[in-house]
1. Can you tell me which residue among 79, 155 is at pLDDT 90 or above and either of a type in the set (Gly, Ala, Ser) or under 18 Å from residue 57 (Cβ atoms) (or both)?
2. Find the residue count for the range 63-85, including only residues that are under 14 Å from the mean Cα position of the chain (by Cα) and of a type outside the set (Phe, Trp, Tyr).
3. For a quick check of your reading of the model, give me the residue pairs whose first member lies in the range 138-167 and is touching a residue at least 40 places away in the same chain (Cβ under 8 Å) and farther than 20 Å from residue 8 by Cβ, whose second is surrounded by fewer than 20 Cβ atoms within 10 Å (Cβ to Cβ) and of a type in the set (A, V, I, L, M, F, W, C), with beta-carbon atoms closer than 6 Å and at least 6 apart or on different chains.
4. Which residues, taken from the range 1-43, are of a type in the set (Ser, Thr, Tyr), within 15 Å of the chain's Cα centre (by Cα) and in a helix (DSSP H, G or I)?
5. Restrict the check to the range 92-102 and report whether at least one residue is farther than 24 Å from residue 51 by Cβ, modelled with pLDDT under 90 and among the hydrophobic types (A, V, I, L, M, F, W, C).
6. Please work out which residue is modelled with the highest pLDDT, limiting yourself to the range 103-130 and to residues that are under 17 Å from residue 45 (Cα atoms) and assigned to a loop (DSSP other than H, G, I, E, B).
7. Give the residue, chosen from 16, 22, 43, 81, that is surrounded by fewer than 15 Cβ atoms within 10 Å (Cβ to Cβ), hydrophobic (A, V, I, L, M, F, W, C) and closer than 23 Å to residue 146 by Cα.
8. Checking residue 54 against (1) crowded, with 16+ Cβ neighbours inside 10 Å; (2) farther than 23 Å from residue 117 by Cβ, only one condition comes out false. Which one?
Amino acid sequence: MNSALLTNIIRFVLLLLAQVVLFNNINLFGFINPYPYILFIILYPVNGNKTALLLFSFALGILMDMFCNSGGVHATASLVLAYIRPTIFKFSFGVSYEYQTVKINDRLTPERFSFILISVIIHHLLLFVLEIFKFNLIIDVLIRTFASALFTLILCIILIYIFKPAKK
């Protein structure tokens with residue numbers, strides 16, 4: 001087993017455990033919930049196996065749904081994020097993405113910030129649209145999306161820099 005696969009498996013398990021044990025118990029003001037488990041999808045290597053990313057993302061989402069009793073909304077949002085991740089990369093990084101020179105857990109640049117921000121907002125918007133699923137509550141969906149996305153974004157950036165790998 002190579003070190004990249006081992007790193008991804010450890011990241012998968014630790015983020016899932018942290019989400020279930022710690023972050024699922026945070027509910028600010030009754031509607032702000034952080035979901036930093038999506039860091040697994042965000043930090044997955046650019047040149048990593050795309051099929052493995054989709055399978056891992058689905059597994060991560062379905063496990064979250066089992067723990068949260070949420071009927072597939074996490075699986076759907078995680079799978080969609082993993083699927084459209086290359087498009088978000090191209091939008092945020094442009095030509096750098098084509099040459100696969102991007103490392104998300106490096107210094108925070110506007111490109112990295114926009115990639116993380118767009119990823120979090122897309123995931124959360126889809127998650128809350130599917131969870132609430134009523135058109136007359138669209139304002140509630142948007143408020144929950146942006147408030148939770150802001151909280152998740154801050155947590156993701158903190159977690160990236162706490163667990164940043166050492167320079168080689």
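The values are calculated or read from the model by the stated rules, or taken from the named source; none is laboratory data. Just so we're clear, the structure is a prediction, and the values are computed from it rather than from any experiment. Quick reminder, even Gly has a Cβ in these numbers, built from the backbone with ideal geometry, and neighbours come from all protein chains shown.
1. 79
2. Number of matching residues: 13.
3. 144/31; 147/32; 148/32; 151/32
4. If the condition is that a residue be of a type in the set (Ser, Thr, Tyr), within 15 Å of the chain's Cα centre (by Cα) and in a helix (DSSP H, G or I), then 37 is the only one that fits.
5. For the range 92-102, residues farther than 24 Å from residue 51 by Cβ, modelled with pLDDT under 90 and among the hydrophobic types (A, V, I, L, M, F, W, C): present.
6. The selected residue is 108.
7. None of the others qualify; the one that does is 22.
8. With respect to (1) crowded, with 16+ Cβ neighbours inside 10 Å; (2) farther than 23 Å from residue 117 by Cβ, residue 54 is out only on (2).
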